[in-house]
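Inspection log for the structure reproduced underneath, given as structure tokens.
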Amino acid sequence: MAKRLAIIEKDDWLLPVEEELNYRHKLYTAKLADIEAASGSIVDFANGYRYFGFHRDERNKGWWFREWLPAAESVFIFGDFNGWDRTSLPLFKNAQTGVWSIFLSDREYHLEHGMLYKILVTGANGTHERIPAWVTRAVQDDETKNFTAQFWNPSEPFDWGNDGFRVRKEEGLFIYECHIGMAQEKKGVGTYTEFAENVLPRIKEAGYNAIQIMGLAEHPYYGSYGYHVSNFFAPSSRFGTPEELKALVKRAHDMDIAVIMDIVHAHYVKNFAEGINELDGSPNLYSLAGDAGYQQYWDSKIFDFGKREVEHFLLSNVKYWIEEFHIDGYRFDGVTSMLYHHHGYTEFGEREKYFDEGVNRDAITYLKLANRLVHDLRPDAVTIAEDVSGMPGIASPVEEGGIGFDYRLAMGIPDFWIKMLKEVPDEEWNVWDIWNVMNNRGCDTGTIAYCESHDQAMQGDQTIAFRLLQTAMYDSMHTESQNLMVDRGMALHKMIRFVTASMGGQGYLNFMGNEFGHPEWIDFPRVGNNWSYDHARRQWSLVDDKSLRYHALGEFDKAMLKLLRKYNQLGLGYAWNLAMYDGDQVMVYNKGPLVYVFNWNPSRSVPDYMIPVPEAGKYRILLSTDEERFGGFERNELGGEYFSFSRKCDDGVTRHYIKIYNVARTATVYKKVED
């Protein structure tokens, strides 16, 4: 009898679908065996970027150019190196593989770094000038706004020095989600260099140990955040050169900051001129034919994850960024859309929803292979799934029958906070609801918790700060202003972040600027706003100004992260529920040596409030959201001592307690101290 998959051994709920899980695992192992038989290993299989595109042939003194275009009738290459003659340089087709190639000798064609070029492809859809799929750099003309491929061959390779950075997952991930272009305060597009010089030091000082960068791969429309990718192997040129991106990564590593890339393999831009859609003239080169190859909700194309050449393309892309740019891992965007033929637009909850005909088995196999590749390449590397459906096994090891991600995003947490802020008055907040949402994860499921990401900052939505402060954030954030809405907003802003970060998972994510309550929304330049950059930037001057309460929120975030990191709170698993006083809206829990007291009540501050502690001793306050330096009123004596006492409870067990001043709308952390 075959050994049962570990994922089922750990969860009896999966027993009724054991056959399907076994079949998925069989599909993966068969595909992996096929890859290993052909290439030796999945790592060697993912070397497409070393073959396609331009590659130097020193023996014959020239350059090979190759592109996979099986349905094309003719292919030419042209550019600066041949006076833009569109038909003087034909490529020749390997009928068996569908790969077109040409050799450009140094004697006849002198390819120089920075030269522009395109390919001319004739197929069933006519004759068109196109950008190759494997291009490593594409640049946009300032006047025409058209993109063109660029031959990129610097005279000297980038010097990585002794970069041996490794991600230390055991310390917990504190992720700063960021966007290079909008990271500066200026009204314009920020650069890799500006980010490295101006923003990385802020992130380091704030206490984050990882950045998650959006929009790295080239995308034609800036306002897409980078989620409609056109050129998968080309870093976005609007932010600078590939070498400047490498310098950013190296600078981050020097600061002990991991670099996670927001990778988009769920779909690709359907744009004809810039991307890979119908590149060989056929409607389904990289996608399935018809509706199956179209993501109607995003107006984009979907990869055919079961096609060998598409697997090769995508897995090579995964390896490329790690090898060439020293990326430390990926947050896979749109995983829910990949997992299901209906792209997740259904109600989940029933077990069958995760295992019926709506599931895309090819996508699951691909994701298993991608995670296997990442961890074979870099055992320390990070993979994070953006999956709202809660697919069982999404963050379980591949060898156990899972899909193999290290972490999943706890997407239910921001949804919960939005619902609470929109629909439930403060005085009705239920502490059990908060507790249950924060602990709604499998014991062996790596989870990245967050209150809000860039999704909640998009135009048409609202950040937590905006929901709490409303228009008061424009005129009442000075430290000398007195405004009850601001007092409430700042208190809840800190508490929401603190309970989420301390209890929600093994990682914590924040979108840049949200830690200090950055005002308003994100709105990229477009026709509707007269191409304005007013809302496509970060106003760091607000947090730098000590006379503004934004500064106090920023200071709290630093103190919160410092505490959580010092006591390894993300690495200690679940919090231990010490007490829930739902009538008072008070929750008490501990993680390791720290005791957390959250009083969510809007107005009820209670002296001599008795709370349980895990052991006898003397306790002191380590951190309070009500401290004056964080914009609070400091109603607690920070240096005070709280001596425990014992009491025999109704169940016959003797427990330890301390009496505190339990301040309304305040979170306070206590720790036992030695004499």
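The values are calculated or read from the model by the stated rules, or taken from the named source; none is laboratory data. These numbers come from a predicted model, not from an experiment. Note that each Cβ is placed from the backbone with ideal geometry, even for glycine, and that neighbours are counted across all protein chains shown. Keep in mind that these areas ignore ligands, DNA and RNA; they rest on the heavy atoms of the full protein, side chains included. Shrake-Rupley method; radii C 1.70, N 1.55, O 1.52, S 1.80 Å.
Scan segment 412-426 and tell me whether some residue there is over 30 Å from Glu170 (Cβ atoms) and surrounded by 22 or more Cβ atoms within 10 Å (Cβ to Cβ). Within segment 412-426, none of the residues are over 30 Å from Glu170 (Cβ atoms) and surrounded by 22 or more Cβ atoms within 10 Å (Cβ to Cβ). All conditions but one from (1) farther than 22 Å from Leu32 by Cβ; (2) over 22 Å from the mean Cα position of the chain (by Cα); (3) in contact (Cβ under 8 Å) with a residue 40 or more places away in the chain apply to Glu357; the one that does not is (3).
Just for segment 85-108: of the residues that are in contact with a Lys or Arg (Cβ under 9 Å, 6 or more places away or on another chain) and in a loop (DSSP other than H, G, I, E, B), which one is most open to solvent (accessible area, probe 1.4 Å)? Here the residue is Arg107. May I ask you to list the residues in segment 337-381 that are part of a strand (DSSP E or B) and touching a helix residue (DSSP H, G or I) at 6+ places or on another chain (Cβ under 7 Å)? Correct list: Val359 only. When the test is whether a residue is out of contact with any Leu (no Cβ under 9 Å at 6 or more places or on another chain) and open to solvent by less than 10 Å² (accessible area, probe 1.4 Å), Met458 does not pass it. Restricting attention to segment 4-33, the residues that are out of contact with any Gly (no Cβ under 9 Å at 6 or more places or on another chain) and of a type in the set (Gly, Ala, Ser) add up to 2. Entry remark, segment 632-672: residues being β-branched (Val, Ile, Thr) and more than 38 Å from the chain's Cα centre (by Cα) number 4 in total. Pairs are defined by a Cβ separation below 7 Å, a sequence spacing of at least 6 or placement on different chains, a first member in segment 11-24 that is in contact (Cβ under 8 Å) with a residue 60 or more places away in the chain, and a second member that is open to solvent by 90 Å² or more (accessible area, probe 1.4 Å) and not aromatic (Phe, Trp, Tyr); the pairs so defined are Arg24/Arg361.
Which pairs do you get when a residue that is open to solvent by 10 Å² or more (accessible area, probe 1.4 Å), found in segment 362-373, comes within reach of a residue that is among the polar types (S, T, N, Q) and modelled with pLDDT of 95 or more, reach meaning Cβ atoms under 6 angstrom, with the pair 6+ apart or on two chains? Cβ pairs passing all conditions: none. Residues in segment 512-536 that are buried (at least 20 other Cβ atoms within 10 Å of the Cβ) and either within 20 Å of Arg202 (Cβ to Cβ) or over 20 Å from the mean Cα position of the chain (by Cα) (or both): Met512, Gly513, Asn514, Glu515, Phe516, Gly517, His518, Ile522, Ala536. Filtering Val269, Val318, Val310 for residues that are in contact with a Pro (Cβ under 7 Å, 6 or more places away or on another chain) and β-branched (Val, Ile, Thr) leaves a single hit, Val269. Being part of a helix (DSSP H, G or I) and open to solvent by 30 Å² or more (accessible area, probe 1.4 Å) is the filter; apply it to segment 436-449 and report the residue that is farthest from Ile175 (Cα to Cα). Filtering segment 436-449 for residues that are part of a helix (DSSP H, G or I) and open to solvent by 30 Å² or more (accessible area, probe 1.4 Å), the one farthest from Ile175 (Cα to Cα) comes out as Asn436.
Among the residues examined, His253 qualifies as modelled with pLDDT of 95 or more, open to solvent by 10 Å² or more (accessible area, probe 1.4 Å), touching a His at 6+ places or on another chain (Cβ under 8 Å) and not basic (Lys, Arg).
For the criterion of being buried (at least 17 other Cβ atoms within 10 Å of the Cβ), among the hydroxyl-bearing types (Ser, Thr, Tyr) and under 27 Å from Asn284 (Cβ atoms), Tyr23 fails.
Within segment 109-128, if we keep just the residues that are open to solvent by 70 Å² or more (accessible area, probe 1.4 Å) and over 18 Å from Asn277 (Cα atoms), the residue that is modelled with the lowest pLDDT turns out to be His110. Could we say that Lys270 is more than 20 Å from the chain's Cα centre (by Cα), open to solvent by 50 Å² or more (accessible area, probe 1.4 Å) and either over 27 Å from Glu357 (Cβ atoms) or basic (Lys, Arg) (or both) here? In short, yes. Just so you know, in segment 51-75 the residues that are open to solvent by 40 Å² or more (accessible area, probe 1.4 Å) and more than 38 Å from the chain's Cα centre (by Cα) include one that is nearest to Leu111 (Cα to Cα), and it is Lys61.
For segment 285-306, a residue qualifies if it is part of a loop (DSSP other than H, G, I, E, B) and either open to solvent by 60 Å² or more (accessible area, probe 1.4 Å) or under 16 Å from His341 (Cβ atoms) (or both), and the qualifying residues are Ser287, Leu288, Ala289, Gln296, Tyr297, Trp298, Asp299, Ile302, Phe303, Asp304, Phe305, Gly306.
Screening segment 563-675 for strands (runs of 3 or more DSSP E) wholly inside it with 3 or more residues that are without any contact (Cβ under 8 Å) to a residue 60 or more places away in the chain and open to solvent by 50 Å² or more (accessible area, probe 1.4 Å) returns the ranges 606-613, 645-648, 654-662.
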